[in-house]
Amino acid sequence: MTIDVLLSGFAPFGGAPLNASWQAVQLAARELREQGVATQILELPVEFGTAGQQLAAAVREHRPRLVVATGLAAGRTGVTPERVAINVRDARIPDNAGESPVDQPVVDAGPVGYFSTLPVKAMVAALGEEPPVPGSVSQTAGTYVCNDVFYLLQHLLATEQGLAGIRGGFVHVPAAEELPVEESARALARMVLTALSTQQDAPVAGGAEH
Ligand code: PCA
């Protein structure tokens, strides 16, 4: 079967019992499949390197049209497609394997950063449709495992010839206390549909002053 979209979420970390990203991914997949979108989902471990390797294996296996990795961003109040992944590992807390890299590259001698190849502006615009879900473009995915997976994904898609044409990116969702996972799921499904039907991103403002 041809897969339209591969969606990943993360396992719990930092002592929390659940991770809203994985909950939202499971619900979004149900919604997308109901709408005829061939959807594959994957739960990733919160481990530097390993998570990106597992995502890469799934991308090679399924060769989807789109890859949308997701993670939890505690403290954010809206759903945030990330604009850019950076070549930095700097862990404030150990990952689930006990690793705490500080100021390490994700990929030795890799480029400083990679832009998302998803239409992030069009995706945010779609969040404004009825019923609206709060969200905005984010200018940083941080320096922890989410950025690590995002960078490794973009590096893979940019450098592995057999995967040319596959678009990918990352979306952070808020904690369930900030936004119910059903709403994050609705946002993810809507953004996937938008990305599948949008080749050229919308030229709308989505910047920030700080
Ligand atoms: N959020 C973390 C890693 C896993 C997750 O869900 C992050 O933002 O890096």
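Read-outs throughout are calculated quantities, based only on the coordinates presented, and are distinct from any laboratory measurement. Just so you know, these numbers come straight off a predicted model, no measurement behind them. Positions of Cβ are generated from backbone atoms using ideal geometry, with glycine treated the same way; all protein chains shown enter the neighbour counts.
What are the residues whose amide H is under 5 Å from the amide H of Val84, where those residues sit 5 or more places off or on another chain and H is modelled from the backbone?
Ser116, Ala141
Determine the relative contact order of the chain: mean sequence separation of Cα pairs under 8 Å and six or more apart, normalised by residue count, in whole percent.
That works out to 30 percent.
Neighbouring Cβ atoms within 10 Å as the yardstick, rank Glu209, Glu61, Glu82 fewest first.
So the ranking, lowest neighbour count to highest, is Glu209, Glu61, Glu82.
Report, for the stretch 75-185, the % of DSSP beta bridges that are antiparallel, rounded to 5.
So the antiparallel bridges amount to about 75 percent of the total.
Arrange Phe150, Phe13 by Cβ neighbour counts within 10 Å, fewest through most, would you?
With the fewest neighbours first, Phe150, Phe13 line up as Phe13, Phe150.
Report the Stokes-Einstein translational diffusion coefficient (µm² s⁻¹, integer) for the chain, Rh taken as the Kirkwood radius over Cα pairs, at 4 °C with viscosity 1.567 mPa s.
This corresponds to a translational diffusion coefficient of 77 µm²/s.
Hey, what did the stretch 93-183 get for relative contact order, percent, Cα under 8 Å, at least 6 apart?
29
Taking the chain as a Gaussian network, where each spring joins two C-alpha atoms under 10 Å apart, which residue of Asp103, Asp148, Asp90 fluctuates the most?
Result: Asp103 has the largest fluctuation of those listed.
Return Thr80, Thr159 ranked ascending by Cβ neighbour count within 10 Å, so the fewest neighbours appear first.
Thr159, Thr80
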